[in-house]
1. Could you list, in sequence order, the residues of the range 92-121 that are more than 17 Å from Ala77 (Cβ to Cβ) and either in contact with a helix residue (DSSP H, G or I) (Cβ under 8 Å, 6 or more places away or on another chain) or modelled with pLDDT under 95 (or both)?
2. Pick from the range 100-123 the residues that are among the charged types (D, E, K, R) and in contact (Cβ under 8 Å) with a residue 60 or more places away in the chain: which of them is surrounded by the most Cβ atoms within 10 Å (Cβ to Cβ)?
3. Just wondering, is there one or more residues in the range 48-56 that are out of contact with any Gly (no Cβ under 9 Å at 6 or more places or on another chain) and at pLDDT below 95?
4. Can you tell me how many residues within the range 13-30 are at pLDDT 95 or above, charged (D, E, K, R) and over 12 Å from the mean Cα position of the chain (by Cα)?
5. Across the range 65-78, what is the total count of residues that are free of Cβ contacts under 8 Å to residues at least 12 places away in the same chain and closer than 26 Å to Gly3 by Cα?
6. Quick check: is even one residue across the range 110-117 of a type in the set (Asp, Glu), in contact with an Asp or Glu (Cβ under 9 Å, 6 or more places away or on another chain), at negative phi and not assigned by TED's automatic domain parsing to the domain that holds Ala50?
7. Among the residues of the range 1-10, what is the count of those that are part of a loop (DSSP other than H, G, I, E, B), exposed (fewer than 15 other Cβ atoms within 10 Å of the Cβ) and either in contact with a strand residue (DSSP E or B) (Cβ under 9 Å, 6 or more places away or on another chain) or at pLDDT below 95 (or both)?
8. Has the range 42-64 got any residue that is outside the structural domain of Ile2 (by TED's automatic domain parsing), touching a Leu at 6+ places or on another chain (Cβ under 6 Å) and farther than 21 Å from Ile2 by Cβ?
Amino acid sequence: MIGYVTIGVSDMARAKAFYTDLLGDFGAKVLLDLDRIAFIGKSMDTPMLAVCTPYNGEPNHPGNGNMFAIPMGSKDAVDQHYKKAIELGATCDGEPGQRIPGQFYGAYVKDLDGNKVAFFYFG
């Protein structure tokens, strides 16, 4: 149902490197790079992440309450990607842990521009 999610960034090269490194083991890569916006994913017909500098030329601002979440497939994968994001320069916004007993395991980071990202596993 979601084609892509767009987040504003301050440095395109830095954002592309962060997200391709972070999501590369899922097969994600820059699929389309149009200077101020780049689409990162596995293919153009699967959900993608777009990073862009704001169209109006104003500084980017992460939204309060905005977040995008990436399904991991296991608790171990949640832990691994949380750790990888931190190693790539993200900041902790909620260490890995069980959020809903027996149902939802998640971890939260803020990327290099303050955008909130969740890694999660249902099961």
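1. Of the range 92-121, the ones more than 17 Å from Ala77 (Cβ to Cβ) are 92-93, 100-102, 110-116.
Hits for the range 92-121 are Cys92, Ile100, Pro101, Gly102, Asp111, Leu112, Asp113.
2. Going residue by residue through the range 100-123, those that are among the charged types (D, E, K, R) are 110-111, 113, 116.
Remaining after also requiring in contact (Cβ under 8 Å) with a residue 60 or more places away in the chain: 111, 113.
Numbers: Asp111: 23, Asp113: 18.
Applying the filter and picking the extreme gives Asp111.
3. Checked the range 48-56: at least one residue is out of contact with any Gly (no Cβ under 9 Å at 6 or more places or on another chain) and at pLDDT below 95.
4. Residues that pass the stated criteria total 2.
5. Count: 1.
6. The first filter runs over the range 110-117 and keeps only residues of a type in the set (Asp, Glu), leaving 111, 113.
Among the residues that remain, those that are also in contact with an Asp or Glu (Cβ under 9 Å, 6 or more places away or on another chain) are: 113.
Filter once more, so that each one left must be at negative phi: 113.
Imposing the further condition that a residue be not assigned by TED's automatic domain parsing to the domain that holds Ala50 reduces the set to 113.
Yes, the range 110-117 has at least one match.
7. Residues of the range 1-10 that are part of a loop (DSSP other than H, G, I, E, B), as a first pass: 1-3, 9-10.
Then keep just the ones that are exposed (fewer than 15 other Cβ atoms within 10 Å of the Cβ); that gives 1-3, 10.
Filter again for either in contact with a strand residue (DSSP E or B) (Cβ under 9 Å, 6 or more places away or on another chain) or at pLDDT below 95 (or both), leaving 1-3.
Summing the residues that are part of a loop (DSSP other than H, G, I, E, B), exposed (fewer than 15 other Cβ atoms within 10 Å of the Cβ) and either in contact with a strand residue (DSSP E or B) (Cβ under 9 Å, 6 or more places away or on another chain) or at pLDDT below 95 (or both) in the range 1-10 gives 3.
8. no
The values are calculated or read from the model by the stated rules, or taken from the named source; none is laboratory data. Remember, predicted model here, so these are calculated numbers, not experimental data. Don't worry about glycine lacking a Cβ; one is built from the backbone with ideal geometry, like all the others, and counts go over all protein chains shown.
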